[in-house]
Each structure stands twice: as C-alpha cells, then as structure tokens.
Amino acid sequence: MSLLESLQSLFLNKTVPAHPLIDHNNNFFKNQRHLQPIGKCDFVVIDTELTGLNEKKDEIIAIGAIRIRDFRLQCGENFYALIKPEEKLHSQSTLVHRITPGQLTQAKSLEDILPQFLEFCGDSYLVGHYVRLDLAFLNRASKKLLGGVIKTPYLDTMRLAMAYKEFEHGHYFDHYNIRTAYSLTSLGKEYGLPTFEQHNALQDSLQTAYLFLYLVKKIKQYGPRTMHDFLHTGRQWKIIL
C-alpha cells in the first residue's frame, strides 16, 4: 500500500461521532414494542432518486417525503431536496429521473440535507416502496456523515402488496413475476389510485402514500391491527429485484 493509499485509508476509517439526531433516533426506537393500533401511528413516506443502483458507488441526488398522521395524508407537510453528488453529475439514470447536471450543480450537499431530512422524519415510522434500497443508500451516507445509521422501523408497500394478494388468493398465489406485478405504477393502476409523475422523489412518495393507505385498510380486514402486526405482515416473502 502506497503512502497516499495509507493516508486515504486512515481518513476513510476515521470515526465520526454520532450526531444528536442519530442518538435520539436510536434511543427512541430501541425499546419500542409497536403495540399501538396502526391508525394511531405517524408515518413518513420516503423515496430517493439515485445516480445508479450500486449501493457502494452510486449516490443520492434527490429525497422526497410526505407525512401521514391520523391515517390521513398531510399534503402540506412534505420534504423535497435535490442533492449535489460528490462524483458524477450525469449518469444513465439521468434519462430516468431527468434531473439535469445543471440542477445538481446548484443543489446543496448531502451533508447539509441529511440532518434536515432526519429532523423532518422525527419519531415517525418510515414507509417506502422497496424501501430497503432507499435505506441502504441513506444509511451508508448517515454512517459516513452522521456517525450512525437510522434505526427507524419501516413498512414496505411492495411487501404489503404481496401479503394482501396472499390474503386474497391463498398460499398458492404466484408471486414470482415481481417486476411487472409489483411496480409502484402497476399497483397504483391495479387498485385505481391517483397517479403521479414517475421517478420524481416527492411524486413517488405521494404515489406510495396512497398505495400504503389503501393496502393497510384492505389488510386490516384479514386481522392485522397493530404496528407490530404490520411489521411482521408479508415478512415471509423474499423480495428479489
């Protein structure tokens, strides 16, 4: 290893003290049992836009979020920010989300935006569509910039959709055609929900929020009531994309 590589390694391994927002997040959810009725819980529905899907190399370039309180969408309580990446301003993903390098040049860094996003989320549970991917990117950044990861429990609308179909059709329902049957757009159309612009983090959050409210109401007919129930609903389905 060269001297330069050694110095880079030391720099990259430098421990960042946990930010007060991370400390609060980790402590707040540490001993939660999630026994409250799901309708009494607050949620923040999140989505990100990325430079690509490589969790080790690609970066977040937009975060969108919207709040659900009293099981109602709070349209006036939303969060949206473009983020200037450290590396490439343009990638193949630009053709998907249509966020131009010019827009990103003017944006703030993730170091500025991430604390604002965590403050917006507060003590609410998180919701997203295939949210594991969003959280993988957010937690990689959080660990690097804020000294720890976000430990907020979350519900995934893709998994809830799988559970709902199983409730409807029984254990023999075919879950294998995931790409077409379980995309956010496909599910929105299937259930007759309002449609929003795709691949915009805030608009996708809105689409996910409508899907979430719809699925929870439907699934409650089959027994799940508490947040604990829903955290375990659909966990047997392995999501592969």
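The values are calculated or read from the model by the stated rules, or taken from the named source; none is laboratory data. For clarity, every value in this text was computed on a predicted model and none was experimentally measured. When we count neighbours, we look across all protein chains shown, and the Cβ atoms used for this are built from the backbone with ideal geometry, even at glycine. For the accessible areas, the whole protein counts, side chains as well, though only heavy atoms, and no ligand, DNA or RNA atoms are used. Shrake-Rupley method; radii C 1.70, N 1.55, O 1.52, S 1.80 Å.
A few comments on the model shown:
- Enumeration of residues in region 208-218 that are touching a strand residue (DSSP E or B) at 6+ places or on another chain (Cβ under 8 Å) and open to solvent by less than 50 Å² (accessible area, probe 1.4 Å): T208, A209, F212, L213
- Pick from region 219-233, criterion out of contact with any strand residue (DSSP E or B) (no Cβ under 9 Å at 6 or more places or on another chain) and over 18 Å from G128 (Cα atoms), ranking: least open to solvent (accessible area, probe 1.4 Å): P224
- Of the residues making up region 192-207, at least one is in contact with a strand residue (DSSP E or B) (Cβ under 8 Å, 6 or more places away or on another chain), of a type in the set (D, E, K, R), in a helix (DSSP H, G or I) and open to solvent by 10 Å² or more (accessible area, probe 1.4 Å).
- Count of region 41-69 residues which are closer than 12 Å to S124 by Cβ and in contact with a helix residue (DSSP H, G or I) (Cβ under 9 Å, 6 or more places away or on another chain): 9
- Extreme residue, farthest from Q103 (Cα to Cα), among residues of region 43-70 that are open to solvent by 60 Å² or more (accessible area, probe 1.4 Å) and among the acidic types (D, E): D70
- Being closer than 24 Å to H34 by Cα and outside any loop (DSSP other than H, G, I, E, B) is not true of R140.
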